[in-house]
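**Student:** Below you'll find the structure I mean.
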Amino acid sequence: MFFFIYLARELRRRLRQAIFIALGLAVGVGLVLTVTSAAAGVKNAQADVLKGLYGVGTDITVSGAAPSAQAPANGGGGNSVQIQMGPNGAQMCVNGKCHALKNGYTIDNLGSSSYSPISAASVAKIAALHDVTAAAGGLLLTDNQTTISSNPSPPTSFTVDGADISQPKLGPLSEAAVSSGRAFTASDADKNVALVDKGYAASNGLKAGGTITIGGTKFAIIGLVEQSEGSSPPNVYIPLARAQALAKQGPAAGGSLKNDVNTIYVTAASASDIGAVQQEIAKLLPTAQVTTPSSLANQVTGSLTSAAKLANDLGKWLSILVLIAAFAVAVLLTMAAVARRVREFGTLKALGWRGRRIIAQVMGESLAVGLLGAAIGVGLGYGGAAVINAIAPSLSATLTQPTGLHMMTPSGAINPTSSHTVSVPLSASVGGAALAAAVGLALLGALLAGAFGSWRIGRLRPADAIAKVG
Amino acid sequence: MYELTGVSKAYRAGARTVEAVAGVDLTIDDGEWIAIRGRTGHGKSTLLNLLGGLDRPTAGQVRLDGSDLGRLSDAELTRVRATAIGFVFQTFNLVPTLSAAENVEAALIPLRVPGAARRRRVAAALDSVGLADRAGHLPSELSGGQQQRVAIARALIKEPKVLLADEPTGNLDEETRDEIIALMEKLWRERGLTLVLVSHDGAIARRAQRSAVMSRGHLALRS
């Protein structure tokens, strides 16, 4: 009891100094919490984007190498198809033989626009690898629809995912929730049925029960799915077998993708196995791209990555600098306070107080100040996170992918790429671990200050202490 | 009983060594009141610090009831200060943030006296110095004489064998000085204390049973 009375009285005596130290620690703690919450928000946004790309259960993604846009793909020995726009109108050329296209004619091409094909047999080989729990193939496709006109305009396109219905827990579809209609069933494997992204359906007047033309074939829309908008999700899902049957290798080619996939989603036995599995797959498929969520993060550009860098670099160092300054101020002021109390401590030693009892008193005072700083700092941290949420603009994440389209126009060749930019809301939230760490930092600063003060007390000889001022 | 044999205390002051106490031999019987006089800087307070275990001699022995204070460990010396020796300082040395009662109570903290017993003893100690009604006052709310009374109560609450007073009236006016000395004399008689009192004041020294003069570190006894 005496300990707390003495502690409270002493803190009240140097209230301004105690508040100054506490505020210093609080600013440091608040900044750490704010930066940590912002960084966590950015990380969550990144995870949101990446998770949606390949599904929550996917640890590794294997995709065929991107085809060259300059040299129209002719994979699988398929036919070379080119659309040329000239002064005499549009013409389609198949293996060099051209015929005119009438205005208003729509070319609908479902193609593996971004990735080269991988044999579907590779899926089973990967699934058989040690430390692989599951593997599923998929076809990430783009349906490009171009309407012939004397004034050429960019093609309209939407993304189509040929999903392995037997592996519902892998791939982008695993992230989607059916909002109306129904999900795929095993019996849909060979049917012309499709699930459409709810947002895409809304903006294109589609609904469950309606139809959508994909690769020149009408598909029945059996359901709409809700997906994270921060994830660049496919617009339409169709059964893998149907996608394989309809898709061509490259929009300008006629090669079939039957028995091919262009993406393989892999789940490793554990997070620690991801690296080893990645290497095994790279050996098995040397030309394929083997990516993990962390490597995927590097492909994302836009303000999201800028924010991540800002939070990780500037924010981190700013927090460290403020904390060091706060610690230094706390130490110096505590040392000064101890120096002013030399006679007091000397008297207590003369009364028979042990050095460690006096040190405990000083440490207690420091800890109390640290707790006050932590409490204020936590408030500041929550306030900072709230301010970020209130004023921070939505972040954008941009994924640029080749469409695979190769068009000849009077002004030259067009090799358009599709950049998909998604707006990701930054939601800064203070996590429990960050909270504990921040409070720990405040207490650490206080203990550090108390330790320096204690060191000074430990060196104090009672006779000197009394003689100095007595 | 104190037995000082060839006690010296030297300090390093830059390149030279200053001998504040030089070869003091002294015996102080239990219950004796001895006054030590001398000019400022001649070693009176240093000798008092050696008697109180606040400092260790560089030569010789300071024995209190047979135990050589210079050879005790820090913890043992702290224990001796906590139980056997009470100090009264010229500048009172009260903790400014604690009330009169809490300042007195501080002397019982090392003895681990239970809270209720502490409060009872504090009340009795303050009563014995005539400050029962000032228990809750801070030092800044007390006069110099009252502060010194609190300091005396703090020194005596643990019922020490020895009371060491370093210029206890140095900061007080004449009237208050007489009150404090009268109080100390009363407590000395009532409690059978061994009282060692350092003072410039010849009038105070004359009230002691024995007096001694410190000059350049050397002690000369007078009857």
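The values are calculated or read from the model by the stated rules, or taken from the named source; none is laboratory data. Since the model is a prediction, treat every value here as computed from it, not as a measurement. FYI the Cβ positions are ideal-geometry reconstructions off the backbone, even for glycines, and counts take in every protein chain you see.
**Student:** Pick out the one residue from A:Ala100, A:Ala163, A:Ala135, A:Ala128 that is assigned by TED's automatic domain parsing to the domain that holds A:Ile274, touching a strand residue (DSSP E or B) at 6+ places or on another chain (Cβ under 8 Å) and surrounded by fewer than 23 Cβ atoms within 10 Å (Cβ to Cβ).
**Tutor:** Only one candidate qualifies: A:Ala100.
**Student:** Let me ask another. Checking the conditions here, which among A:Lys191, A:Lys198, A:Lys218, A:Lys207 is among the basic types (Lys, Arg) and within 27 Å of A:Gly41 (Cβ to Cβ)?
**Tutor:** Exactly one of A:Lys191, A:Lys198, A:Lys218, A:Lys207 is among the basic types (Lys, Arg) and within 27 Å of A:Gly41 (Cβ to Cβ), namely A:Lys198.
Conditions tested, residue by residue: (1) out of contact with any helix residue (DSSP H, G or I) (no Cβ under 9 Å at 6 or more places or on another chain); (2) modelled with pLDDT under 90; (3) surrounded by 20 or more Cβ atoms within 10 Å (Cβ to Cβ).
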residue	(1), (2), (3)
A:Ser272	yes, yes, no
A:Leu284	no, yes, no
A:Val290	no, yes, yes
A:Leu296	no, yes, no
A:Leu314	no, yes, no
A:Thr334	no, yes, yes
A:Val342	no, yes, no
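**Student:** Then there's this: State all residues of region A:349-373 that are buried (at least 19 other Cβ atoms within 10 Å of the Cβ), touching a residue at least 24 places away in the same chain (Cβ under 8 Å) and within 13 Å of another protein chain (Cβ to nearest Cβ); if no residue qualifies, say none.
**Tutor:** A:Lys349, A:Ala350, A:Gly355, A:Ile358, A:Gln361, A:Glu365
**Student:** When both residues are 6+ apart or on different chains and their Cβ atoms are under 7 Å apart, which pairs have a first residue that lies in region A:336-348 and is within 12 Å of chain B (Cβ to nearest Cβ) and in contact (Cβ under 8 Å) with a residue 40 or more places away in the chain, and a second that is buried (at least 23 other Cβ atoms within 10 Å of the Cβ) and of a type in the set (S, T, N, Q)?
**Tutor:** Note: pairs meeting the criteria are A:Arg343/B:Asn93; A:Thr347/B:Asn93.
**Student:** Now, a different point. Taking region B:79-89 on its own, how many of its residues are more than 8 Å from chain A (Cβ to nearest Cβ) and either among the charged types (D, E, K, R) or buried (at least 23 other Cβ atoms within 10 Å of the Cβ) (or both)?
**Tutor:** 3
**Student:** If you go through region B:57-78 one residue at a time, how many are at the interface with chain A (Cβ under 9 Å from one of its Cβ atoms) and in contact (Cβ under 8 Å) with a residue 12 or more places away in the chain?
**Tutor:** 1
**Student:** For region A:11-28, indicate whether the set of residues that are at pLDDT 70 or above and touching a strand residue (DSSP E or B) at 6+ places or on another chain (Cβ under 8 Å) is non-empty.
**Tutor:** No.
**Student:** Right, something else. Condition test on B:Leu98, is it more than 10 Å from chain A (Cβ to nearest Cβ) and either in contact (Cβ under 8 Å) with a residue 60 or more places away in the chain or farther than 27 Å from B:Leu47 by Cα (or both)?
**Tutor:** no
**Student:** A further question on this structure: All but one of (1) of a type outside the set (A, V, I, L, M); (2) out of contact with any helix residue (DSSP H, G or I) (no Cβ under 8 Å at 6 or more places or on another chain); (3) more than 7 Å from chain A (Cβ to nearest Cβ) hold for B:Phe92, so report the exception by its number.
**Tutor:** That leaves (2) as the condition not met.
**Student:** Starting from region B:120-137, keep only residues that are part of a loop (DSSP other than H, G, I, E, B), then list their pairs with residues that are of a type in the set (Gly, Ala, Ser) whose Cβ atoms are within a distance under 6 Å, requiring at least 6 positions of separation or different chains.
**Tutor:** B:Val129/B:Ala153; B:Ala135/B:Ala100; B:Ala135/B:Ala101; B:Gly136/B:Ser99; B:His137/B:Ala100
**Student:** Condition check: surrounded by fewer than 16 Cβ atoms within 10 Å (Cβ to Cβ) and more than 23 Å from B:Ala106 (Cβ to Cβ). Does B:Glu159 satisfy that?
**Tutor:** It is false that B:Glu159 is surrounded by fewer than 16 Cβ atoms within 10 Å (Cβ to Cβ) and more than 23 Å from B:Ala106 (Cβ to Cβ).
**Student:** Something else now. Within region A:429-450, identify whether any single residue is at pLDDT 65 or above, crowded, with 23+ Cβ neighbours inside 10 Å and not in a helix (DSSP H, G or I), and answer yes or no.
**Tutor:** The answer is no; no qualifying residue exists.
**Student:** Then there is this: Taking the condition of being within 17 Å of A:Ala330 (Cβ to Cβ) and either at the interface with chain B (Cβ under 7 Å from one of its Cβ atoms) or surrounded by fewer than 16 Cβ atoms within 10 Å (Cβ to Cβ) (or both), how many residues in region A:1-16 meet it?
**Tutor:** 3
**Student:** Sticking with this one: Those residues that are within 14 Å of chain A (Cβ to nearest Cβ) and under 13 Å from B:Leu163 (Cα atoms), I need them from region B:30-56; list them, please.
**Tutor:** Matches in region B:30-56: B:Leu48, B:Asn49, B:Leu51, B:Gly52, B:Gly53.
**Student:** Any idea which of (1) part of a helix (DSSP H, G or I); (2) over 28 Å from the mean Cα position of the chain (by Cα); (3) among the small types (Gly, Ala, Ser) is the one A:Ser149 doesn't satisfy?
**Tutor:** Result: A:Ser149 fails condition (1) only.
**Student:** Quick one: B:Leu193 ticks every box in (1) among the hydrophobic types (A, V, I, L, M, F, W, C); (2) under 20 Å from B:Tyr2 (Cβ atoms); (3) within 14 Å of chain A (Cβ to nearest Cβ) bar one, so which box is it?
**Tutor:** Here B:Leu193 meets the rest and fails (3).
**Student:** Then there's this: Any residue at all in region A:221-235 that's assigned to a strand (DSSP E or B) and of a type in the set (Ser, Thr, Tyr)?
**Tutor:** No, the conditions are met nowhere in region A:221-235.
**Student:** Is it fair to say B:Glu175 is over 28 Å from B:Arg79 (Cα atoms), of a type outside the set (A, V, I, L, M) and out of contact with any helix residue (DSSP H, G or I) (no Cβ under 8 Å at 6 or more places or on another chain)?
**Tutor:** When the stated conditions are applied, B:Glu175 passes them.
**Student:** Further question: Scan A:Val62, A:Val42 and give me the residue that is modelled with pLDDT of 85 or more, closer than 30 Å to A:Tyr237 by Cβ and touching a Leu at 6+ places or on another chain (Cβ under 7 Å).
**Tutor:** One residue alone meets the criteria, A:Val62.
**Student:** Picking from B:Val196, B:Val150, B:Val162, which residue would you name as being touching a Ser or Thr at 6+ places or on another chain (Cβ under 6 Å) and either charged (D, E, K, R) or in contact (Cβ under 8 Å) with a residue 40 or more places away in the chain (or both)?
**Tutor:** Of B:Val196, B:Val150, B:Val162, the one residue that is touching a Ser or Thr at 6+ places or on another chain (Cβ under 6 Å) and either charged (D, E, K, R) or in contact (Cβ under 8 Å) with a residue 40 or more places away in the chain (or both) is B:Val162.
**Student:** Here's another thing I want to ask about it. Of the conditions (1) loosely packed, with under 14 Cβ neighbours inside 10 Å; (2) over 30 Å from B:Glu19 (Cβ atoms); (3) more than 7 Å from every other protein chain (Cβ to nearest Cβ), B:Ala125 satisfies every one except a single condition; which number is it?
**Tutor:** The single condition B:Ala125 does not satisfy is (1).
**Student:** Turning to a different aspect of this structure: Answer yes if at least one residue in region A:174-182 is within 28 Å of the chain's Cα centre (by Cα), part of a helix (DSSP H, G or I) and surrounded by 15 or more Cβ atoms within 10 Å (Cβ to Cβ), and no otherwise.
**Tutor:** Scanning region A:174-182 turns up at least one residue that is within 28 Å of the chain's Cα centre (by Cα), part of a helix (DSSP H, G or I) and surrounded by 15 or more Cβ atoms within 10 Å (Cβ to Cβ).
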